[in-house]
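To keep things clear, I will list the structure first and then write my remarks on it.
Values quoted throughout were computed directly from the atomic coordinates according to the rules given, and no laboratory measurement underlies them. The structure presented is a predicted model; accordingly, all values stated were derived computationally and were not measured. Here Cβ is always computed from backbone atoms with ideal geometry, including for glycine, and neighbour counts include all displayed protein chains.
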Amino acid sequence: MSTSTKGAGAVAAAFGASVLASAGLAIVYIAGGSPPIEGALLLVALGGIGAGLVLWAKRFLPVGDDVQEREPLPSTPDERARASDSFGAGADLVARRRLLVRLAAAALGALGIAALFPIRSLGRAPGGALFHTRWRAGVRAVDASGTPVQAASITTGTVVTVFPEGHVGAADSQTLLIGLGPGVYRPVAGREDWAPEGVVGYSKICTHVGCPVGLYQPSEHLLFCPCHQSAFDVLAGARPVAGPAARPLPQLPLTIDAAGYVVARGDFPEPVGPGFWDRGRD
Ligand code: FES
């Protein structure tokens, strides 16, 4: 077996191994995935392409300078015979090269297709879910046990975590009801009737990086986030007055129904928690 044939075999083996490894990668991923096996297959897929290209360069690409001597014309019979042999070998080389090019393309294509599968791991697009919570007009506020909250139970200084009725535990909807007492509420323009009988509601999700804002200091009317010590002024629309948070806690519009229960007038007017809408504020 000639050296060039052996070289072509080695290049073909490298590209072939890459194709098989990429196919195996796709199969393992579809079957549920295994990071160690996927990593090993990716190593073979990439390594096969790399080894194939290196072998190709070493075995088939010309090295050094080529100098063409001026030969006397016409050629001797011996030169013509060698040229004829060379043409034959060249045809064989061209055929092998075509095969190797196709195998190289197959290896790269298989790896590219296998690389598309992880896109499935991104999950479903969130759509508009990041802009809305479970609060709707007319939905009663319930505590963690699912019991509707009477407005009369939210006395001055009281803080209760509530959820929309039917959605206890909904992380994006958790809300703090705070009893401010009569005559204390200083509404943001347009929110004059959002805090009936001095009961105000704010999202419990910190607008910095989403920790629960759970510490209330009634004497200062401040809500504190324990994660990075942001403080929110409850009397000023829960705007941040200290710490890294840059956006006020969204306020939930409230009313009280005929039975005395706290009821939402609608969803939060803006997205809760931190998010892409905060970019550029810091
Ligand atoms: S998450 Fe609240 S201050 Fe950082």
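To the nearest 20 Debye, how big is the dipole of the chain about its Cα centre, given +1 on the beta carbon of each Lys and Arg and -1 on that of each Asp and Glu?
Using only the charged Cβ atoms, the result is roughly 580 debye.
Under a crude label model (7 Å from the Cα following the beta-carbon direction), how far is GLU270 from LYS6 in nanometres?
Here the modelled spin labels are 7.4 nm apart.
What is the packing order of peptides 210-218, 187-195, 231-239, taking the mean over residues of other C-beta atoms within 10 Å and listing the highest first?
Top of the packing list down: 231-239, 210-218, 187-195.
Determine the distance separating the Cα centre of segment 32-48 from the Cα centre of segment 160-211; give it in Å without decimals.
So the two Cα centres are separated by 50 Å.
Using Cβ contacts closer than 10 Å as the measure, can you line up PHE268, PHE60, PHE224 from fewest to most?
Fewest-to-most Cβ neighbours within 10 Å comes out as PHE60, PHE224, PHE268.
Out of GLY32, GLY52, GLY169, any idea which swings most in a Gaussian network model of the chain, alpha carbons joined below 10 Å?
GLY32
How large is the convex hull of the C-alpha atoms of segment 124-282 per residue, in Å³?
Dividing the Cα hull volume of segment 124-282 by its residues yields 116 Å³.
What is the helix-to-structure angle for 3-30, meaning the angle in degrees between its Cα long axis and the longest Cα principal axis of the chain, kept from 0 to 90 and rounded to the nearest 10?
20
If you fit an axis through the alpha-carbon atoms of helix 35-60 and take the longest principal axis of the Cα set of the chain, what angle between them do you get, 0 to 90°, nearest 10?
Computed tilt is about 30 degrees.
Fewest first, what order do ILE205, ILE30 take by the number of other Cβ atoms within 10 Å?
ILE30, ILE205
Where q = 0.13 Å⁻¹, what log10 of I(q)/I(0) comes from the Debye formula for the chain, counting one point per Cα?
-0.88
When the helices in the chain are scored as -39500 (n - 2.57) per DSSP H run of 4 or longer and the sum is shared across all residues, what 222 nm value do you end up with, to the nearest 500 deg cm²/dmol?
-12000 deg cm²/dmol
Which value, in debye to the nearest 20, gives the size of the charge dipole of segment 129-278 about its Cα centre, when Lys and Arg are +1 and Asp and Glu are -1 at the Cβ?
100
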